[in-house]
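Take a look at the structure below.
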Amino acid sequence: MLLLPGNNCEDLCKKLSARLNAEIADVEKRRFPDGEIYLRILGDLSDEEILVVSDTRSDSGIMETIFLLEAARGMNPGKLHLFIPYFSYSRQHMRYKQGESVSSKALVDIYNQYVDSIITIDIHDEETVGFSEKPFFNLKMGMSLKEFYSDFRPDIIVSPDDGGIERAKRLGELLGSMATNLDKVRLDSRNVAIQAPEGVDFRGKKILLIDDIISTGGTMIKAMELLKSKGISSLSVCAIHGIFVNSSDDRISSIADDLSVTNTIQGDYSKIDISSEVARHLVGE
Ligand code: R5P
């Protein structure tokens, strides 16, 4: 397998390269004077199994990914796989109102033109996976989180809403901790109301609060305030994808005892490395 580094994924590519014993191809990248992206794959991809690793969180990252896929497909690879650590635009996976764009489907349709398979991590909604005509693997993180939190050993793993309870339970099984969820009602794109479940005693407990995404931080901050008011002994906060709009990481880390996210998006709090789980999937384990 040969790795093709797309947008903003150099570190993850290096980690995967070491784990898979796979080389990283050279890609020349620059901008035209008007800001448009130029890229060129250096070397020969013919008959090779290729893995494009690319961060599509920014719109220019999406463009770079598409251009890289088009360039790679034009070099007649044996197989062409796309690994997108954080699948952006997956929140709009249905037409809530007439005339809206199903943006996650639009992107899947484009990637499908070039790839033999798509791999991502903890996509916001599984519905997007169903849009793909090519195999689409949505990897759910387990062992990398278990390894990271095995010393902390939380008493209770808490999801801030019922949508994340499976993630909390999965980690709870691996760590031998109880799992529960809070009840969240979204008021608007930045505000939520959160209530504690009945019958769970949080007093004196070590809590690991985990969600798929931290964006504005509104969900986590409300959940943290609620849990702190219940007399817990310590609070670690975790998300798979740390987007951290408007420096929400600073606000969360000033309240929590620890804030850690995975390296699907590189940032100051990307302390959990998911490359081993991706490598295991790629070698068929
Ligand atoms: C919502 O369903 C997700 O699981 C997250 O809770 C949400 O995306 C977090 O967004 P924010 O940080 O803006 O509250």
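Numbers for the structure displayed
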| item | result |
| --- | --- |
| Residue match in segment 222-231 (condition: open to solvent by less than 30 Å² (accessible area, probe 1.4 Å) and more than 12 Å from the ligand (Cβ to nearest atom)) | yes |
| Residue among ILE157, ILE213 that is within 16 Å of the ligand (Cβ to nearest atom), modelled with pLDDT of 95 or more and touching a helix residue (DSSP H, G or I) at 6+ places or on another chain (Cβ under 7 Å) | ILE157 |
| Residues (open to solvent by 50 Å² or more (accessible area, probe 1.4 Å) and closer than 30 Å to GLY6 by Cα) located in segment 232-269 | ASN246, SER247, ASP250, GLN266, ASP268 |
| Of all residues making up segment 89-125, the number that are within 16 Å of PHE137 (Cα to Cα) and at pLDDT below 95 | 3 |
| Selection within segment 172-193 - away from the ligand (no atom under 15 Å from the Cβ) and either assigned to a loop (DSSP other than H, G, I, E, B) or not polar (S, T, N, Q) (or both) | GLY172, GLU173, LEU174, LEU175, GLY176, SER177, MET178, ALA179 |
| Residues of segment 1-60 satisfying the condition of being in contact (Cβ under 8 Å) with a residue 24 or more places away in the chain, farther than 15 Å from ILE84 by Cβ and in a strand (DSSP E or B) | LEU2, VAL27, LYS29, ILE37, LEU39, ARG40, ILE41, GLU49 |
| Failed item in (1) surrounded by fewer than 21 Cβ atoms within 10 Å (Cβ to Cβ); (2) within 22 Å of ARG186 (Cα to Cα); (3) of a type in the set (Ser, Thr, Tyr), with SER276 passing the rest | (2) |
| Considering residues of segment 45-57 that are modelled with pLDDT of 95 or more and open to solvent by 30 Å² or more (accessible area, probe 1.4 Å) only, the residue nearest to ASP109 (Cα to Cα) | GLU49 |
| Residues (more than 19 Å from VAL52 (Cβ to Cβ) and under 13 Å from the mean Cα position of the chain (by Cα)) located in segment 127-141 | LYS140, MET141 |
| Conditions (1) within 11 Å of the ligand (Cβ to nearest atom); (2) open to solvent by less than 50 Å² (accessible area, probe 1.4 Å): number failed by ASP162 | (2) |
| Any hit, segment 179-188, residues being hydroxyl-bearing (Ser, Thr, Tyr) and within 21 Å of the chain's Cα centre (by Cα) | no |
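The values are calculated or read from the model by the stated rules, or taken from the named source; none is laboratory data. Computed from a prediction, not measured in an experiment: that's the story for all the values here. Heads up, the Cβs are rebuilt from the backbone with ideal geometry, glycines too, and the neighbour counts pull from every protein chain shown. For the accessible areas, the whole protein counts, side chains as well, though only heavy atoms, and no ligand, DNA or RNA atoms are used. Shrake-Rupley method; radii C 1.70, N 1.55, O 1.52, S 1.80 Å.
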